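The values are calculated or read from the model by the stated rules, or taken from the named source; none is laboratory data. Given the structure is predicted, the values throughout are model-derived calculations rather than measurements. All Cβ positions, glycine included, derive from the backbone under ideal geometry; neighbour counts span all protein chains shown.
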Amino acid sequence: MRKSRRFSVQNIALCGLLTAMMLVLGFIESLIPVAPGIPGVKLGLSNGVLIFALYMLDAPTAFVLMILKVLLSGLLFGGVSAMMYAMAGGLLSMITMIVLKKCRFSILVVSMLGAVMHNAGQVLLAMMILETSQLMYYMAVLMLVGLAAGLVTGFAARATIHHVRKLRIRK
């Protein structure tokens with residue numbers, strides 16, 4: 001998105017809609033038991049919205065959307081602890097996705113590695129807080145789950161982007 005268009009009413013409304021979508025998807029996701037007994041395993045549905053923003057808008061906008069999602073979902077559903085872990089994962093994930101997109105990796109690779117890095121950011125923060133490296137063993141499980149979840153959200157984001165681009169051409 002060009003700087004002159006970044007603060008247009010249309011783009012602010014779109015960012016509000018995308019933020020609301022991420023919050024709703026995050027809430028729905030909290031109701032779905034993906035892997036009972038395995039803490040921290042989630043589908044990462046809102047990651048698809050961030051990937052959409054990264055590819056259809058721009059990196060700074062996607063970054064701001066991630067921060068808004070973390071803060072608002074923390075205030076509404078989590079708390080300070082949840083916000084800290086989500087921010088650690090979100091920052092590492094967004095930085096990774098921005099770099100990979102600039103290097104022209106496919107959207108599926110960007111999504112999958114973004115999900116893995118989100119998990120890595122959270123585990124690294126937990127290792128620092130708990131002062132233990134024992135959590136590194138848990139990373140193997142979270143990496144596999146992250147790759148699978150990232151693949152699913154990557155497919156969803158890619159399909160959505162494809163259809164939105166077709167709509168723009170028909171105008």
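Considering the stretch 96-137, the residues that are among the charged types (D, E, K, R) and either touching a helix residue (DSSP H, G or I) at 6+ places or on another chain (Cβ under 6 Å) or assigned to a helix (DSSP H, G or I) (or both) include one that is nearest to LEU54 (Cα to Cα), namely LYS101.
Taken residue by residue, the stretch 94-101 has at least one member that is under 11 Å from the mean Cα position of the chain (by Cα) and touching a residue at least 24 places away in the same chain (Cβ under 8 Å).
Determine which member of the set ARG168, ARG158 is of a type in the set (Lys, Arg) and either within 11 Å of GLY44 (Cβ to Cβ) or surrounded by fewer than 11 Cβ atoms within 10 Å (Cβ to Cβ) (or both). So that I can check it myself, show each step before the final result.
Working: ARG158 fails: either within 11 Å of GLY44 (Cβ to Cβ) or surrounded by fewer than 11 Cβ atoms within 10 Å (Cβ to Cβ) (or both).
So the residue among ARG168, ARG158 that is of a type in the set (Lys, Arg) and either within 11 Å of GLY44 (Cβ to Cβ) or surrounded by fewer than 11 Cβ atoms within 10 Å (Cβ to Cβ) (or both) is ARG168.
Note on the stretch 1-95: enclosed helices (runs of 4 or more DSSP H) holding 3 or more residues that are touching a helix residue (DSSP H, G or I) at 6+ places or on another chain (Cβ under 7 Å) and surrounded by 14 or more Cβ atoms within 10 Å (Cβ to Cβ) are 9-31, 45-56, 59-77. Evaluating MET143 against the criteria (1) free of Cβ contacts under 8 Å to residues at least 12 places away in the same chain; (2) surrounded by 10 or more Cβ atoms within 10 Å (Cβ to Cβ); (3) assigned to a helix (DSSP H, G or I) leaves one unmet condition, (1).
Within the stretch 72-96, being closer than 19 Å to ALA115 by Cα and of a type in the set (A, V, I, L, M, F, W, C) holds for ALA82, MET83, MET84, ALA86, MET87, ALA88, LEU91, LEU92, MET94, ILE95. Output the number of residues of the stretch 96-108 satisfying the condition of being buried (at least 17 other Cβ atoms within 10 Å of the Cβ) and among the basic types (Lys, Arg). So the count comes out to 1.
Would a scan of the stretch 59-66 turn up a residue that is at pLDDT 95 or above and in contact with a Gly (Cβ under 7 Å, 6 or more places away or on another chain)? Spell out the reasoning first.
Going residue by residue through the stretch 59-66, those that are at pLDDT 95 or above are 59-66.
Those still in the list that are in contact with a Gly (Cβ under 7 Å, 6 or more places away or on another chain) too: 66.
Checked the stretch 59-66: at least one residue is at pLDDT 95 or above and in contact with a Gly (Cβ under 7 Å, 6 or more places away or on another chain).
The lone criterion from (1) buried (at least 17 other Cβ atoms within 10 Å of the Cβ); (2) more than 13 Å from the chain's Cα centre (by Cα) left unmet by ILE129 is number (1).
Which count do you get for residues in the stretch 72-111 that are aromatic (Phe, Trp, Tyr) and farther than 19 Å from LYS42 by Cβ?
Step one: of the stretch 72-111, the residues aromatic (Phe, Trp, Tyr) are 77, 85, 105.
Those left that are additionally farther than 19 Å from LYS42 by Cβ: 105.
Number satisfying all stated conditions: 1.
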